[in-house]
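Contents: one structure, followed by commentary.
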Amino acid sequence: MAGVIPRTDPRPLAGEPMSIDLLNTVWNDAAGPRDLLDDVAGLTAWLTAVGLTATSSSSEATRLALRQARDAIRTNADQPGSPAAREALNRVLTHGSLVRTLTLDGPTTSVHVDDPAQHAAWVAAENFLHLLHRPDRIRRCAHPHCVLYFYDTSPKGNRRWCSMSGCGNRAKAARHYSRRRTAPRT
């Protein structure tokens, strides 16, 4: 969209796999709940962050398609195996497909969508399918007030926090304060 001034990405957790990164366009901060996809400028920031500006437009239609994909991915992350969750994701996936061709340079794969506004949403939903090879690694942060998700790549698969410097430290501090408060005084 012409005239959209991209803003910097203000999210506390970025850089997860694309579908998880899309979930993390909603977060909480000191001012309350935030949503990067509330406007087209935020959409542009997200498209830039995930490298989709060359293939997806910063338009209202793209923003709405991404919000639909985000809802479908979140439902599948929160309710794995739910028929309604599967159907929501499949509705997003019906807008596109991967097309394999053989060229002089070798095999190629390209994304074909029925509507250009669906491109980013379809790519994010398709990325989520890849993560489902290890669905146990798709997690929501264990901090009760955090709404962020992550894909656990730790060797033991025991990551609990979106970040140790944020939610992990808050949980440790709360446990420490609780122990000190309940310890008998001598």
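Values quoted throughout were computed directly from the atomic coordinates according to the rules given, and no laboratory measurement underlies them. This one's a predicted model, so the numbers in the text were calculated from it and none came from an experiment. Using ideal geometry, Cβ is built from the backbone for each residue, glycine included, and neighbour counts are taken over all protein chains shown.
Hey, with R₀ at 22 Å, roughly what FRET efficiency would SER110 and LEU132 work out to, going by the Cβ-Cβ distance, to 0.05?
Calculated value: 0.45.
Lone cysteines in the chain, defined as no other cysteine's Cβ under 4.7 Å from theirs: which are they?
For the chain, the answer is CYS167, because their Cβ atoms have no other cysteine Cβ under 4.7 Å.
What residues qualify as long-range amide H neighbours of SER163, i.e. H under 5 Å apart, gap of 5 or more or another chain, H built at 1.01 Å from N?
Residues meeting the criterion, in which the H sits 1.01 Å from N, are GLY168.
How high is the relative contact order of region 18-182? Use alpha-carbon pairs under 8 Å, at least six apart in sequence, and give a whole percent.
Computed value for region 18-182: 22 percent relative contact order.
Give me the compactness ratio for the chain, meaning the Cα radius of gyration over 2.2 N^0.38 Å.
1.20
Give me the extension gain from THR103 to ASP152: residue separation times 0.36 nm, minus the current Cα-Cα distance, reported in nm with one decimal.
Values: separation 49, 0.36 × 49 = 17.64 nm, distance 3.69 nm.
Difference between extended and current length: 14.0 nm.
Among PRO116, ALA14, HIS133, which residue has its Cα furthest toward the positive end of the charge dipole of region 8-141, with +1 on Lys/Arg Cβ and -1 on Asp/Glu Cβ?
With unit charges placed on the Cβ atoms, the residue in question is HIS133.
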